[in-house]
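These notes concern the structure reproduced below.
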Amino acid sequence: MECSEHHMKLTDGKGKCSVPMWCYPGIPAGFCDADAFGKPTEGGRRRYPHHVPGLACYEHGGPRCPGIEIEPGVFSGCDQSGGDCPVCGK
């Protein structure tokens, strides 16, 4: 398995989770591919301590969606978007 560009870098603030998935007995089954908003964080590594080759979804140790940028470098979070976050669509 080889990570694609969307597993390694963000496009418009979003990418795909690069954590490999496996079928029994150890057969590669692709990647998690959930929405990812960055590389694993220190707190996230405690949640998911395994190797992550690139970007990670929240469940695999990555950051949550930053939400709406209300001014340069200041984000309000998805919960302030009223269900229409321009980054994750939630």
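Readers should treat all values here as calculations from the given coordinates under stated rules, not as data from a laboratory. Values in this document were obtained by computation on a predicted structure and should not be read as measured data. Because the Cβ atoms are built from the backbone with ideal geometry, glycine has one as well, and the counts that use them run over all protein chains shown.
Mind ordering 23-30, 38-45, 2-9 by average Cβ neighbours within 10 Å, highest first?
Listed from highest to lowest mean packing, they are 38-45, 2-9, 23-30.
Cross-link reach is defined here as a Cα-Cα straight distance under 16 Å, omitting same-chain residues fewer than 8 places apart; for LYS16 the aspartates and glutamates meeting it are GLU2, GLU5, ASP33, ASP35, GLU59.
Beta bridges from DSSP with both residues in the chain: antiparallel share about 90 percent, rounded to the nearest 5.
Starting from the Cα gyration tensor of segment 1-66, take the square roots of the eigenvalues, sort them a ≥ b ≥ c, and report rounded, prolate or oblate (rounded when a/c is under 1.5, otherwise prolate if a/b is larger than b/c, else oblate). Since a/c reaches 1.5 but b/c is at least a/b, the shape of segment 1-66 is classed as oblate. Cβ crowding within 10 Å ranks LEU55, LEU10 as LEU10, LEU55, fewest other Cβ atoms first.
Summing +1 for each Lys or Arg and -1 for each Asp or Glu, what net charge is found among the other residues whose Cβ lies under 14 Å from the Cβ of GLY13? Net local charge, GLY13 excluded: +3.
Helical runs (DSSP H, four residues minimum) scored at -39500 (n - 2.57) apiece and divided by the length of the chain put the mean residue ellipticity at 222 nm at -2000 deg cm²/dmol.
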